[in-house]
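Below is one structure, written out as structure tokens; comments come after it.
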Amino acid sequence: MCIFLSFVLVFIMVFCILSFPIADKITSQRIDESMTLEEIKQDYTEVFCDEFDGDTLNSDFWSFEGSATNRNNELQTYADSMADGNIEITNGTLNIIAKHETRNGKNYTSASIITQGKVAYKYGIFEMRAKLPQGNGMWPAFWLMGQTNFFDMMMWPITGEIDIMESICGKDNNNTVYSTIHYGGTILSGSTHRKGDSFTLDEGYFYQDYHIFGVVITDREMLFYVDDFIYNRVDISESECDTFRKYDKYILLNLAIGGEWAGAPDASTPFPNVYSIDYVKIYQQQ
């Protein structure tokens, strides 16, 4: 019994050390607000790039989040593999496809892919070039979650959430995207803090053409941008934001349908509906 209890105590200690690390000290300076995105990028070098050149997902980078995923009272079931037909890669483009069909007791299907346990960085520039879907009930996203060093666990919201790009398409929102960070709270309570902003195109819609969505993350702040325009600067220097200085962040790309924010599709929503991604890149400071 003593040996068993000793093993349990060691297990708990290792779990706590790896799951709740000490936050990095803030060493960087604020990025001068007069600097353009191009000028900021001059201090960074590309460390990850997927341009989807093959005909299937690169399993060294990506995994399917799968049909067990259930968030925000969404209406879809997510694909478990390429065979489900909600991911297609053609001509250097990753297409996440939402369909009005029955699977796993749901009336809609889609896909969510993640780099958890495969590609993750604490700081840097995370960037995607994509064309968004259209129509009521479509909820595409490009976001980051923190992972622990304990079997790559995700313990939201303790490990933090960074929504680089979300759009609730339709409802006069096809020209607007949102960026938000979630932090604080516990696994039981959910996130207790959030900061965010939105960006609206001067003309046109995000489903008509490709745009670049990204974030610059340092130990002090986050700068969210669309194309070359920085529209949201978030200060994370306060202690409440320590979570973002603790964990490496992995990428999620998904197309949700319905849910608490997006609302349900209607007769005007086209199916199949496609979220097209040209590339995903990560840059690290030199």
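The values are calculated or read from the model by the stated rules, or taken from the named source; none is laboratory data. In this text the structure is predicted, and so the values were computed from the model without any measurement. All Cβ positions, even for glycine, are placed from backbone atoms using ideal geometry, and neighbour counts span all protein chains on display.
Table for the structure above
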| item | result |
| --- | --- |
| Any chance TYR78 is among the aromatic types (Phe, Trp, Tyr), out of contact with any His (no Cβ under 9 Å at 6 or more places or on another chain), within 30 Å of PHE244 (Cβ to Cβ) and crowded, with 22+ Cβ neighbours inside 10 Å | yes |
| Residue match in the stretch 142-163 (condition: of a type in the set (Ser, Thr, Tyr) and touching a residue at least 60 places away in the same chain (Cβ under 8 Å)) | yes |
| Test: residue in the stretch 233-242 that is buried (at least 19 other Cβ atoms within 10 Å of the Cβ) and assigned to a strand (DSSP E or B) | yes |
| Per-region count, the stretch 185-219, residues touching a residue at least 40 places away in the same chain (Cβ under 8 Å), surrounded by fewer than 17 Cβ atoms within 10 Å (Cβ to Cβ) and over 30 Å from SER268 (Cβ atoms) | 1 |
| Residues within the stretch 169-184 that are surrounded by 21 or more Cβ atoms within 10 Å (Cβ to Cβ) and closer than 25 Å to ILE236 by Cβ, tallied | 5 |
| Failed criterion for LYS281 (all others in (1) within 14 Å of the chain's Cα centre (by Cα); (2) outside any strand (DSSP E or B); (3) charged (D, E, K, R) hold) | (2) |
| Qualifying residue in the stretch 122-133 (condition: touching an Asp or Glu at 6+ places or on another chain (Cβ under 7 Å), within 29 Å of ASP43 (Cβ to Cβ) and assigned to a loop (DSSP other than H, G, I, E, B)) | yes |
| So SER268, is it surrounded by fewer than 20 Cβ atoms within 10 Å (Cβ to Cβ), outside any helix (DSSP H, G or I), small (Gly, Ala, Ser) and touching a strand residue (DSSP E or B) at 6+ places or on another chain (Cβ under 7 Å) | no |
| First in the stretch 48-68 and over 23 Å from TYR123 (Cβ atoms), second anywhere and among the acidic types (Asp, Glu) and part of a loop (DSSP other than H, G, I, E, B), Cβ under 6 Å, 6 or more apart | PHE64/ASP80; GLY66/ASP80; SER67/ASP80 |
| Among (1) loosely packed, with under 13 Cβ neighbours inside 10 Å; (2) modelled with pLDDT of 95 or more, the one test that GLY54 misses | (2) |
| Scope the stretch 135-144; condition closer than 19 Å to GLU65 by Cβ, of a type outside the set (Phe, Trp, Tyr) and buried (at least 24 other Cβ atoms within 10 Å of the Cβ); matching residues | MET138, PRO140, LEU144 |
| Considering residues of the stretch 53-104 that are assigned to a loop (DSSP other than H, G, I, E, B) and among the acidic types (Asp, Glu) only, the residue farthest from TYR207 (Cα to Cα) | ASP60 |
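For every residue, the table says whether it meets (1) over 27 Å from GLY160 (Cα atoms); (2) β-branched (Val, Ile, Thr); (3) modelled with pLDDT under 95; (4) out of contact with any Pro (no Cβ under 6 Å at 6 or more places or on another chain).
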residue	(1), (2), (3), (4)
GLN76	no, no, no, yes
ASP80	no, no, no, yes
GLY85	yes, no, no, yes
ILE89	yes, yes, no, yes
THR102	yes, yes, no, yes
THR115	no, yes, no, yes
TYR121	no, no, no, yes
GLY137	no, no, no, no
ALA141	no, no, no, yes
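Residues are listed down the side, and each one gets a yes or a no for (1) under 21 Å from SER59 (Cβ atoms); (2) touching a strand residue (DSSP E or B) at 6+ places or on another chain (Cβ under 6 Å); (3) buried (at least 19 other Cβ atoms within 10 Å of the Cβ); (4) free of Cβ contacts under 8 Å to residues at least 40 places away in the same chain:
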residue	(1), (2), (3), (4)
GLY92	yes, no, no, no
LYS106	no, yes, no, yes
THR115	yes, yes, yes, no
LYS122	no, yes, no, no
GLU127	no, yes, yes, no
PRO133	no, yes, yes, no
